[in-house]
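Working notes, structure below.
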């Protein structure tokens, strides 16, 4: 189920690796005059252990163990007192983040066996060259979005693709730039506002929660209103006290959770249900589902709790069956799966339960036809023609990449499909 609002919790010790894992592909912004830019030329896929990148043919094109990268990291590390270098150099354990706009983060520990390992964070280009080194022990970088990446020192700010600080690290929290704006928190009272790429505050600090802009609107929380949407001028364009939960707009619709009276247990009994509203706030798909995901490629995953004969039902505990609806609310793929994910590149990952109670994942198309037979322990959405499968219970450390026909193009050493 979509998490309607998720608070960002940043722990300094592991911050450098956390920001390295953030991943969203954005359109490349125009470079500033005199700025060094590495243009992305291909789609690269991060392996499950975050130590290498492969191309669409499954070839390893960048590895953490590559000598030139190891030597460059070793050279950077020598500038920090915590670094312990042995006479016989050991391979430094590097972990990559996803590429975004031609750059990726790389993190490592100066002293892995020490009580304080001394994590560092840098940015590399697609050749594996370090283009933005760490400034201090406390420097952490995020991914680039619209030409800028957030960084942290004693606070949060933004750098450009040359590593130049364009917005000083003076905020307690920041989001990524989206549609030209980024939310920031600027005081201990943790009020949020929005800045532009020049660092100018264009929407004042008056929200208790803020999020990225999507389709011209951003979800916020006001002091006297639980949820609201604002436009790029900061004007509140949608709000309601009836919303128990709401998500950002996607393909012109936003999911919303509303308490519906259905008298199921007793007269006047209410139950939270999910539906969808349009940009005017009109409920175009009435609240009727126990769980939903946002729309993608004209489909939205919906779920209903299976009636097991008991009065007490809980969608967070199941059992639940999921299917998909179109933008009119019509069920186009009936609820029959144990779980599912959003459509991407014409396919959606869905899970079935086998007779011996094993959950296996496969893929269906937009009409519900099974394209790749359920056979994987977990499955991610397709991106760039490949999908990661056979992941752990937390959808991480995926061991295999497959193509749209289900053919294995890369597999971790020792992994079995």
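Every number here is computed from the coordinates shown, using simple stated rules; none is lab data. All values derive from a computational prediction rather than experimental measurement. Every residue, glycine as well, gets a Cβ built from its backbone with ideal geometry; the counts of neighbours run over all protein chains shown.
What is the percent of Cα-Cα separations in the chain that go past 34 Å?
Beyond 34 Å sits 40 percent of the P(r) for the chain.
Could you order peptides 295-307, 111-123, 81-93 by the average number of other Cβ atoms within 10 Å of their residues, highest first?
Highest mean packing first, the order is 295-307, 111-123, 81-93.
Applying a 10 Å radius around every beta-carbon, put 55-62, 137-144 in order of their mean neighbour count, most first.
My ranking of the peptides, most packed first, is 137-144, 55-62.
For residue 130 and residue 87, what is the calculated FRET efficiency with R₀ set at 25 Å and r taken between the beta-carbons, to the nearest 0.05?
0.55
List the relative contact order of the range 168-288 as a percent without decimals, with contacts defined as Cα pairs under 8 Å and 6+ residues apart. If you can, show how the numbers build up before the last one.
Values: 271 pairs, mean separation 15.2, N = 121.
So the answer I get is 13 percent.
What FRET efficiency, computed as 1/(1 + (r/R0)^6) with R0 = 35 Å and r the Cβ-Cβ distance, is obtained for residue 240 and residue 266, rounded to the nearest 0.05?
0.85
Any chance you could tell me what percent of the C-alpha pair distances in the range 40-181 go past 25 Å?
Details: 2938 of 10011 pairs.
Value for the range 40-181 (Cα pairs over 25 Å): 29 percent.
Once a ≥ b ≥ c are taken as the square roots of the eigenvalues of the Cα gyration tensor of the range 346-403, is the result rounded (a/c under 1.5), prolate (a/b larger than b/c) or oblate (a/b not larger than b/c)?
Since a/c reaches 1.5 but b/c is at least a/b, the shape of the range 346-403 is classed as oblate.
Taking only C-alpha pairs under 8 Å that are 6+ residues apart, what is the relative contact order of the chain in percent?
8 percent
Given the rule -39500 (n - 2.57) for each run of at least 4 DSSP H residues, summed and divided by the residues of the chain, what is its mean residue ellipticity at 222 nm, to the nearest 500 deg cm²/dmol?
About -1500 deg cm²/dmol.
Between residue 392 and residue 404, 0.36 nm times their residue separation minus their Cα-Cα distance comes to what?
On the way: separation 12, 0.36 × 12 = 4.32 nm, distance 2.13 nm.
Contour length minus the Cα-Cα distance gives 2.2 nm.
Length gain on complete extension for the stretch residue 68 to residue 283, per 0.36 nm per residue less the alpha carbon to alpha carbon distance?
71.7 nm is the gain from fully extending residue 68 to residue 283.
Can you grab the distance from the C-alpha centre of the range 146-188 to the C-alpha centre of the range 347-417, Å, no decimals?
36 Å
Using only Cα atoms and rounding to the nearest 10 degrees, what angle (0 to 90) does helix 67-77 make with the longest principal axis of the chain?
Tilt of helix 67-77: around 80 degrees.
How long is the gain from residue 162 to residue 59 if the chain were fully straight, where each residue apart is worth 0.36 nm and the alpha carbon distance is subtracted?
Gain on extension, residue 162 to residue 59, equals 34.2 nm.
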